[in-house]
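See structure below.
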Amino acid sequence: MRRLALFPLLLLACPAEAACDLKGIRLEERIAEKTELREAANKQTVRDLRTLRDAAIVLDAYKYGAECERLVEIVRALAANPEKAIEQGGDTDEEKAESVEETREPKAPPAAAGSDKDPAKPR
């Protein structure tokens, strides 16, 4: 009986893990508020911020709450100080950009050794 009386206290001591505060980012509102982020020259910075927000959504979906919260903090900090975000994101190395772009391209699986024939066709 005493254990049952302690159970509610145990529940209060161990609250359920809070979900990542994705709505709290308010990224689109922050973009609308900051004139620097609406300038054509800073489109890449805005794309980067949206990509980071989308990554936080994916982390939350896969139950990586702590990582999601950290990414939310980063997006908030960058959106709150667009001058710093623009300055930090100003990498114009074309070779690096091409390399990154290549890694984004989906790769076809390697062909199986000795499989010249279509496996879907009967023999």
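With contacts defined as alpha carbon pairs under 8 Å and 6 or more residues apart, what's the relative contact order of the range 16-90 in percent? Walk me through the numbers on the way to the answer.
Working: 65 pairs, mean separation 29.0, N = 75.
Result for the range 16-90 is 39 percent.
Taking K and R as +1 and D and E as -1, what net charge do the other residues with C-beta under 14 Å from the C-beta of Arg70 add up to?
Working: positive: Arg53, Arg76; negative: Asp21, Asp60, Glu67, Glu69, Glu73.
The answer is -3.
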(request) Using θ = phi - 60° and the Karplus relation 6.51 cos²θ - 1.76 cosθ + 1.60, list the HN-Hα couplings for the range 62-75 in order, rounded to whole Hz, with x at every Gly or Pro. (result) 8, 6, 9, x, 5, 5, 4, 4, 4, 5, 4, 4, 5, 4
(message) Less than 11 Å Cβ to Cβ from Asp21, Lys/Arg counted +1 and Asp/Glu -1: what total charge do the surrounding residues give?
(response) 0
(request) Collect residues whose amide H, placed 1.01 Å from N in the peptide plane, falls under 5 Å from the amide H of Asn81; neighbours closer than 5 in sequence don't count. (result) none
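Counting other C-beta atoms within 10 Å, and keeping those with at most 12, which DSSP coil trypsin sites (Lys or Arg not before Pro) do you find in the range 30-59?
Details: sites: Arg30, Lys34, Arg38, Lys43, Arg47, Arg50, Arg53; in loops: Lys34.
Of the trypsin sites (Lys or Arg not before Pro), not one in the loops of the range 30-59 has a Cβ with at most 12 other Cβ atoms within 10 Å.
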(message) How long are the semi-axes of the equivalent ellipsoid of the range 16-90, defined as square roots of 5 times the Cα gyration tensor eigenvalues? Whole Å, largest first.
(response) 24, 11, 10
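Only the coordinates and a few stated rules stand behind these numbers; no lab work does. Since the structure is predicted, the reported quantities are computational estimates derived from the model, not experimental observations. Positions of Cβ are backbone-derived with ideal geometry, glycine not excepted, and every protein chain shown enters the neighbour counts.
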